Amino acid sequence: VKRLIKTIENERFVCFTGGLEQSEILGNDRAIHSKKSKKKNLSILESFQNFEINSIYLYKMGREGMNLEGIESVIIIQLGTGNDEGLEFLQSIGRGLRAISPKIYLFYCKDTKDETFLNKALSSLLR
């Protein structure tokens, strides 16, 4: 993920992380999660919406009800279980699908439960 971020660091992207600590490690002052104050999260989001910063890192936030401006890429580090019929996955990629030519990056571990989650998520696109 860190290598990918280095290659797209000049693009506007949103990264959905798999955990709070991961969002802090990758995003630091651009991480949005429940352990930060609402005021701090809104400040980060406002900076993104005003094109002052080009990336944000979200943990369990920002999947629905939010129109993020100028997204070029979406990074999804951890897929959901699919028990929600792929809704979480669709909402995550939906942040980028408003773009003209979005790039969606999905990370998973081959031959693990992650691969099962990936297949379930991708099948939700084909319905």
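Could you look at region 1-56 and say what percent of its accessible area is carbon and sulfur, using a 1.4 Å probe and all protein chains?
Details: 1590 of 3370 Å².
Percent of accessible area from carbon and sulfur atoms in region 1-56: 47.
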- Note on the structure: Percent of all Cα-Cα pairs per 10 Å bin for region 1-59, counting from 0 up to the last occupied bin, reads 25, 58, 17, 0
- Net charge near residue 33: determine it from the other residues with C-beta under 12 Å of the C-beta of residue 33, scoring Lys and Arg +1 and Asp and Glu -1. +4
- Amide hydrogen neighbours beyond the local backbone of residue 70, cut-off 5 Å, H modeled: none
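Given a 1.4 Å probe, how much area per residue of region 1-57 is accessible, in Å²? Kindly include the intermediate steps, with their values, before the conclusion.
On the way: 3380 Å² over 57 residues.
Ligands and nucleic acids excluded, the result is 59 Å² per residue.
The values are calculated or read from the model by the stated rules, or taken from the named source; none is laboratory data. Computed from a predicted structure; not experimentally measured. Don't worry about glycine lacking a Cβ; one is built from the backbone with ideal geometry, like all the others, and counts go over all protein chains shown. The protein model used for the area step is the full one, side chains on, heavy atoms only, and it has no ligands, DNA or RNA in it. Shrake-Rupley method; radii C 1.70, N 1.55, O 1.52, S 1.80 Å.
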